[in-house]
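What follows is a short report on a single structure.
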Amino acid sequence: MGFFWEGLPPYLLPWSSQSLIEPRAAVETGTFRGDTTTLLANTFGSCTSIERSHELAAKAQGKFRGDPRIEILEGSSRELLAQAIPSREKSAFFWLDAHGIYDFDGTEAEENPLLAEIDMVIAARDSSNTIIAIDDARGMGTQPDWPAMSEIAIPLGNAGYTTVYLDDIFLAVPQRLKTDLPKLYQESRMVEATAVFHIWPRVLRAFKSQARLDSLVEKLPKSLRR
């Protein structure tokens, strides 16, 4: 979940699509309601998504039953990600969001499969045509069972990726895209500014309403004494 929106930041998908040559495919860990699954399929042509919750996986399988671009796998990404990874001949975008962060109620062993996911992607993929985006990067090194950012960045760097932290997303891209990251950053700032200005009138109204309420609360004891 980003700072201004839920799920993938809106500027990341078109940038990634333009950066990866066809044919392309997407892989997602953590389906949830399937909203991002749809975005990934629309952007990259297909999406395989892995969901460990039986209830959520069943709902997603029903939702996408008639869509040949989308496959929903039920189970742990530790066990299923290897079979979902596209062949090296295809460009691939990975959205890794299977980790719990504040509200996961599974066992400690299941809590955060992130390092295992990264190891599988590194082993199966060439960094030259792969982009990896990890959600909830604010949890790295600060939340229980989350690896530190260095534990994630070092193996990815050794495998040929450039890594960057952007709007709660930890992003690993091919080395050839390093010089394009300032453009991505500028796009993120433009979208975020738009997001802020979009909600600013409501923020102001909330402050004014709170100020009026505080004023009434202060006057209430005086009125009661009369």
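Observations
- Any chance Glu51 is free of Cβ contacts under 8 Å to residues at least 60 places away in the same chain and among the acidic types (Asp, Glu): yes
- Residue count for the stretch 9-43 under the criterion of being of a type in the set (S, T, N, Q) and in contact with a strand residue (DSSP E or B) (Cβ under 6 Å, 6 or more places away or on another chain): the result is 4.
- Within the stretch 163-188, restricting attention to residues that are acidic (Asp, Glu) and within 16 Å of the chain's Cα centre (by Cα), the residue that is nearest to Ile134 (Cα to Cα) is Asp168.
- Criterion (modelled with pLDDT of 95 or more and of a type in the set (Lys, Arg)) met by exactly one of Arg176, Arg138, Arg125: Arg125
Yes/no matrix, rows are residues, columns are (1) without any contact (Cβ under 8 Å) to a residue 60 or more places away in the chain; (2) charged (D, E, K, R); (3) assigned to a loop (DSSP other than H, G, I, E, B); (4) surrounded by fewer than 21 Cβ atoms within 10 Å (Cβ to Cβ):
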{"residue": "Pro14", "(1), (2), (3), (4)": "yes, no, no, yes"}
{"residue": "Val27", "(1), (2), (3), (4)": "no, no, no, no"}
{"residue": "Arg33", "(1), (2), (3), (4)": "yes, yes, yes, yes"}
{"residue": "Thr43", "(1), (2), (3), (4)": "yes, no, no, yes"}
{"residue": "Leu56", "(1), (2), (3), (4)": "yes, no, no, yes"}
{"residue": "Ile72", "(1), (2), (3), (4)": "yes, no, no, no"}
{"residue": "Leu80", "(1), (2), (3), (4)": "yes, no, no, yes"}
{"residue": "Ser87", "(1), (2), (3), (4)": "yes, no, yes, yes"}
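- Check on Val121, of a type in the set (A, V, I, L, M, F, W, C) and in a helix (DSSP H, G or I): yes
- Residue selected from the stretch 167-193 under the condition touching a residue at least 40 places away in the same chain (Cβ under 8 Å) and part of a strand (DSSP E or B), by the criterion surrounded by the most Cβ atoms within 10 Å (Cβ to Cβ): Ala172
- Checking each residue in the stretch 2-58 for being of a type in the set (D, E, K, R) and farther than 24 Å from Leu184 by Cβ picks out Arg33, Glu51, Arg52, Glu55.
- Unique residue being closer than 26 Å to Ser19 by Cβ and polar (S, T, N, Q) when the list is Ser53, Ser91: Ser91
The values are calculated or read from the model by the stated rules, or taken from the named source; none is laboratory data. This is a predicted model, so every value here is computed, not measured. Every residue, glycine among them, receives a Cβ derived from its backbone with ideal geometry; neighbour counts consider all protein chains shown.
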